[in-house]
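First comes the structure, then the notes that go with it.
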């Protein structure tokens with residue numbers, strides 16, 4: 001039977017994650033199980049108001065306005081290769097006639113790509129990027145991942161427990177001297193070969209950034225992420241010129257138009273490409289292509305506390321774009337007692353690397369524990385969304 005089942009995954013975290021823009025103690029993701037023609041695809045988004053202005057409530061409301069009966073019928077009646085060609089050419093929103101923000105598109109697109117991958121017997125990465133020579137070609141070798149020190153972790157504990165280190169991101173605090181000590185300790189312990197980046201999460205004024213960047217660079221930081229408020233294109237350009245320290249964009253980079261603006265204004269040296277905030281895998285791949293064309297570096301990033309399909313999506317992207325300066329694998333193994341997917345996304349903590357997923361699509365299914373987080377079910381025969389468990393308001397698709 002065709003249907004869609006929406007989960008609001010608010011999994012408690014064993015440890016919180018703190019940075020200048022937010023403090024997180026629970027996950028806040030929407031996970032969609034989309035079934036068409038007897039095959040179920042999983043999708044996820046993780047809306048963050050300070051990044052795209054979206055919330056889980058807003059995406060949930062937007063999903064209820066999507067013409068789901070038409071979407072499911074097209075999935076059931078159109079050939080998978082034909083749909084894949086349309087998605088590559090036109091993108092998800094145009095192919096399926098869906099309007100909405102980046103996280104809504106991500107939620108639906110990741111579910112559809114997982115479903116198509118299972119039908120075709122191919123990993124999702126192969127669907128978004130055909131195999132070929134060069135940096136985007138597939139490979140089975142493990143990828144090294146970065147380690148992040150947030151405001152709730154001491155530098156001594158971090159250095160003692162989180163290695164080996166390939167790339168380190170330091171979340172800035174409101175105390176530049178604390179951050180300088182952290183960067184200095186990391187640089188002294190790891191030597192010159194491991195890149196160290198400081199992420200300010202939009203928390204500095206221009207004058208603060210000017211002094212802070214120079215101070216942190218003197219301590220060994222080689223890259224600064226999002227130092228100013230979102231979209232401060234001219235200020236970012238001026239900072240790059242004044243300090244000579246490379247700048248990575250994150251919150252300012254959510255669309256291909258943002259990437260074009262960053263290049264036109266000279267505002268960035270690198271992009272943090274995160275699947276949810278960039279509107280799905282296809283849009284993320286397009287931003288990476290644009291970055292390469294214009295000499296901009298990129299990393300494959302994650303939202304804090306992703307719960308499964310979104311982690312898999314980021315890794316599929318990473319293994320098709322192996323020239324990223326670093327890959328963030330997340331900390332789901334540290335955050336959660338139990339994941340809502342099986343097998344859970346793994347990190348080899350002995351080496352701090354990730355390996356390609358096995359199987360078609362994302363190579364995962366919902367765990368039994370996911371039932372506790374189900375909130376809405378859509379059935380094509382009624383063309384309505386109904387709260388799981390009965391009762392409450394129903395919604396037309």
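The values are calculated or read from the model by the stated rules, or taken from the named source; none is laboratory data. Please read all numbers here as calculations on a predicted model, not as lab measurements. Glycine gets a Cβ as well: all are built from the backbone with ideal geometry, and neighbour counts include every protein chain shown.
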Task: Matching residues in the stretch 188-208 - criterion: being in contact with a helix residue (DSSP H, G or I) (Cβ under 6 Å, 6 or more places away or on another chain) and over 17 Å from residue 151 (Cβ atoms) - done: 189, 206
Task: In the stretch 292-302, residue modelled with the lowest pLDDT [restricted to those that are touching a helix residue (DSSP H, G or I) at 6+ places or on another chain (Cβ under 7 Å) and within 19 Å of residue 125 (Cβ to Cβ)] - done: 302
Open item on the list: Conditions first: (1) under 29 Å from residue 143 (Cα atoms); (2) more than 21 Å from the chain's Cα centre (by Cα); (3) surrounded by 15 or more Cβ atoms within 10 Å (Cβ to Cβ). Residue 347 passes all but one, so which condition is the exception?
Closed with: (2)
Open item on the list: I'd like to verify a number: residues in the stretch 1-28 that are at pLDDT 75 or above, crowded, with 18+ Cβ neighbours inside 10 Å and farther than 14 Å from residue 335 by Cβ, how many?
Closed with: 5
Task: Members of the stretch 279-314 that are touching a strand residue (DSSP E or B) at 6+ places or on another chain (Cβ under 6 Å) and assigned to a helix (DSSP H, G or I) - done: 284, 287, 288, 291, 309, 310, 314
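Any chance the stretch 288-295 includes a residue that's within 14 Å of the chain's Cα centre (by Cα) and touching a residue at least 40 places away in the same chain (Cβ under 8 Å)? Write out each step before concluding.
So the first thing to find is which residues in the stretch 288-295 are within 14 Å of the chain's Cα centre (by Cα), and the list is 288.
Within this subset, residues satisfying the condition of being touching a residue at least 40 places away in the same chain (Cβ under 8 Å) are none.
Checked against the condition, which is being within 14 Å of the chain's Cα centre (by Cα) and touching a residue at least 40 places away in the same chain (Cβ under 8 Å), the stretch 288-295 yields no hits at all.
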